Structures are given as structure tokens and as C-alpha cells.
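**Q** The structure is given below, and queries will be raised subsequently.
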Ligand code: S3P
């Protein structure tokens, strides 16, 4: 049996530099998918070339869409929503976004094919998208809501009014993609508004879409079928990847890092609001808007963090940042209380359990309840152990950052999943002063 090559992180001195993080994962998936159903050749700059996004790219190619890379850019020849090939089976690896969005897109195309994924994705809930899509007239062999799922032929589709209680952009986007192909107005009401990259891109490409904020929710109305027109799409740096560098910089002494051209979409940057309350020194500069998305530079300085209290209201705005936020709370002064964490259980791993296990192993005092966590912060934490990542990229990166601050090094059981979202994590961290050892 071949030995797994993985990483160990050591306590580091200061982190400094001016860097860029790879492209935003959510926007990269959408740039490929929405370009594929537009009319004409779209140009995508800054696409994230990670395992997850490449799975979506390959799926679209297998459906007959021509996608080429010329220089640093990707060009997608959209076919107005017509797929000329049916490969029978599409594999999405670890990617919930790829699978759920493509299920929505294909659900109203009157074609039959099977959607599959890796072991982790095959354990994640799919009924959350299959149920509203069934209401729209789509037909599935549901396999108890777990992959593999067969999309079956269906002839009659209808628009729906859907009330989303979870606050999930994957559910919303799956419905919007299905709705983009059928006649009528589909309405989605979100109790907890989630990232709005799909709405922004649909509008940018010419869809008839309206969004409205009401007192307790957000309303989205899409008038289908959509005729989308190709365009240029610039993908900003991924804020969720930048989050690891932000926390690492805040927690190490005499550090000063600038991360350029990062996506600053309001629904993605809840972490900045939380960190500001925790006493973090962070400045935003060079703000601009491109293809409807906010871009900017993030300047981060070492800070003495204090504990915080956060509830469910902000959860959708920092859903992917919880693992690294738990690390920040571990080194902050005081007891942090985080509630409304239920959605963390349905990510690439059960992140609430996986992070509780990892931090406890590293010596952090924690109290975990059903959907909440108390973290007893301390400037000094022990570390000195090997972490089970449960094949989850964000657990892996979060705990490597922990090892850069703790007294003793921290290693992870497997580093391969990091490539699903942040392929150059190791080299970028090393370029600003991190000590990551291959073991
Ligand atoms: C994503 C939405 C979020 C997030 C995921 C990417 C997206 O999932 O956790 O990493 O691109 O729409 P949910 O919508 O399931 O919360």
C-alpha cells in the first residue's frame, strides 16, 4: 500500500506579503453553467481550476458544450440551453454545488441520466433539491435522497412558488436553473437570504429576474424561459479561501498581509462583520463592481482577538467560514458562543462534529450542544497531534492554520481534498512565511 503524503504545520513567525487567492468556487461553477446555456461564446477570466470546478466543466463538455482554454482564459460556446449529447452518467466528485446545480438544470430538459459523486457527496442530502424540482414536474428515481440519483424524462413542467427555510444558495440556484428552461414566473422566498451569485449572473446575462427585500425575507421572481446572452465574466478571488489567510495573519505576531481582488459579495462576507466585533484590524480598499459582483483588496494586521457571540441570523453569510472561525475563537480572549449551527452537519463532512473532535484533540476546551458550540479561547493552545479531516478540505486547512499558532505542530491525515477548492494552498501559505512540512 502506498504511503499517504500529507502536511504538518509548525508555529510560524510573522506572515507578510501582497497576494491573490484563486478564483471564487461558487462563481466559477456558475460562470461555466450559465455560459453553457447562453447564446454565443462567453469569456471567463480567473476561473478556479480546482477539482470541484473541473468536474462541472467536464460534465458540460460531456453534454456537448465546447469549452476551450486559450492563454489564461476559458471560452464557453453556449448553446442556448440545448445539449447535443447524453453521456448517461455525470460524476461530480466531492462537489455539492456542481451536483445540485446541474440536477436543477437537467431536471427540466426531458432527458434521462444518472448523477453520481464520491463517498462524501453520496452521503449528503439531495431531497432538499429533488422535492421542489418534483413540484415543478421533474421526475427522478430518488434513491432515498442520496446519490446516485436518476433524472428521468418528463414532458410537463410548471413554475412554482417556493418558500426556502434553510437559507441555501444551492437549493435556490437549482430551482432557478430548472425555472430558466420553463414557461412562467417562478417565485422563491428565502427566510434566511443566501449568496446571490446566481441572481446576479442571471441578471448580467439578460434574464428577466427581480429581487426584493421584504421585512422578514427576500423574494426572487424569475420569468422563464430565459434567453441568456454570452458575455465576459471576471471571477474574483474566493473570499472563503482568503478567510484562512485572514485568520492566520490576525493570529500571528507582527503580520501584515494584503489579499488583492477578492470577492466581497455581502452574502459571503459575514466573517468580516464578526471579526470586526472581535477586535480584528482589517481594512478594505480598491472596491469595485465587475459583472455585478463586488471586488476589493483586504488588508489584514495582527490583532488581539476577543471572544464573540453569534446566532443563526448571520449563518448563511459565513457558512463555509465556520471551521476557520472556530480556530480564531480558540485563540481569542474569552468564551465565544456560536448558535444556529445545524447546516454545518450537511457539508463535505459533519463540520460541527469534525471540528469539535479536532479542536478537543488539540487541547481546546469546548462545549458542544445539538446545534451550538461554546469555545473557551486562550492565546496559548497546545496542538501537537494528528487530525482526522474526514476528507473535508476546510477541516484540513483550518487545522493546518491552528498548527501555525499552537505551541506544538499539527498534522492532518490527508491533504488531497484541499485541491477541491484551494489547489495552491501550500505554496501560497509558504510564500507569506508559513512553515508547512510534507510528511
Ligand atoms: C454554495 C452554497 C453553500 C456553500 C457551498 C457553496 C454555492 O451551500 O456551503 O460551499 O455555491 O451555492 P448551501 O447552499 O447548501 O448552504
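Residue-by-condition table, conditions (1) farther than 23 Å from residue 5 by Cα; (2) surrounded by 24 or more Cβ atoms within 10 Å (Cβ to Cβ):
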position	(1), (2)
353	yes, no
361	no, no
397	no, yes
427	no, no
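**Q** Looking at the range 171-257, what strands (runs of 3 or more DSSP E) fall wholly within it and have at least 3 residues that are more than 16 Å from the ligand (Cβ to nearest atom)?
**A** 184-190, 208-213, 218-224
**Q** Moving on to the next point. In the range 192-216, what residues are modelled with pLDDT of 95 or more and closer than 16 Å to residue 161 by Cβ?
**A** 209, 210, 211, 212, listed by residue number.
**Q** Tally time: how many residues in the range 266-315 are in contact with a helix residue (DSSP H, G or I) (Cβ under 7 Å, 6 or more places away or on another chain) and within 15 Å of the ligand (Cβ to nearest atom)?
**A** Within the range 266-315, residues that are in contact with a helix residue (DSSP H, G or I) (Cβ under 7 Å, 6 or more places away or on another chain) and within 15 Å of the ligand (Cβ to nearest atom) number 8.
**Q** Further question: For the range 104-119, which positions are more than 13 Å from the ligand (Cβ to nearest atom) and either within 26 Å of residue 164 (Cα to Cα) or assigned to a strand (DSSP E or B) (or both)?
**A** Of everything in the range 104-119, those that are more than 13 Å from the ligand (Cβ to nearest atom) and either within 26 Å of residue 164 (Cα to Cα) or assigned to a strand (DSSP E or B) (or both) turn out to be 105, 106, 107, 108, 109, 110, 113, 114, 115, 116, 117.
**Q** If you take the residues in the range 155-167 that are assigned to a loop (DSSP other than H, G, I, E, B) and touching a helix residue (DSSP H, G or I) at 6+ places or on another chain (Cβ under 7 Å), which one is farthest from the ligand (Cβ to nearest atom)? Outline the logic, then answer.
**A** Keep residues of the range 155-167 that are assigned to a loop (DSSP other than H, G, I, E, B), which gives 155-160, 165-167.
Restricting the remaining residues to those that are touching a helix residue (DSSP H, G or I) at 6+ places or on another chain (Cβ under 7 Å) gives 159-160, 166-167.
Numbers: 159: 21, 160: 18, 166: 7, 167: 7 Å.
Filtering the range 155-167 for residues that are assigned to a loop (DSSP other than H, G, I, E, B) and touching a helix residue (DSSP H, G or I) at 6+ places or on another chain (Cβ under 7 Å), the one farthest from the ligand (Cβ to nearest atom) comes out as 159.
**Q** Pick from the range 1-18 the residues that are closer than 15 Å to residue 247 by Cα and surrounded by fewer than 20 Cβ atoms within 10 Å (Cβ to Cβ): which of them is modelled with the lowest pLDDT?
**A** The residue in question is 13.
**Q** Can you confirm whether residue 245 is at pLDDT 95 or above, touching a strand residue (DSSP E or B) at 6+ places or on another chain (Cβ under 8 Å) and crowded, with 24+ Cβ neighbours inside 10 Å?
**A** Details: at pLDDT 95 or above: yes; touching a strand residue (DSSP E or B) at 6+ places or on another chain (Cβ under 8 Å): yes; crowded, with 24+ Cβ neighbours inside 10 Å: yes.
Yes.
**Q** I would also like to ask the following. State whether the residues of the range 363-374 include one that is crowded, with 24+ Cβ neighbours inside 10 Å and either more than 30 Å from residue 53 (Cβ to Cβ) or modelled with pLDDT under 95 (or both).
**A** Pass one, the range 363-374, residues crowded, with 24+ Cβ neighbours inside 10 Å: 364.
Remaining after also requiring either more than 30 Å from residue 53 (Cβ to Cβ) or modelled with pLDDT under 95 (or both): 364.
Yes, that holds for at least one residue.
**Q** What are the residues in the range 41-97 that are buried (at least 19 other Cβ atoms within 10 Å of the Cβ), in contact with a strand residue (DSSP E or B) (Cβ under 9 Å, 6 or more places away or on another chain) and in a helix (DSSP H, G or I), if any?
**A** Residues satisfying the conditions are 53, 55, 57, 59, 60.
The values are calculated or read from the model by the stated rules, or taken from the named source; none is laboratory data. Predicted, not measured: the structure shown is a model, and the values here were computed from it. Every residue, glycine as well, gets a Cβ built from its backbone with ideal geometry; the counts of neighbours run over all protein chains shown.
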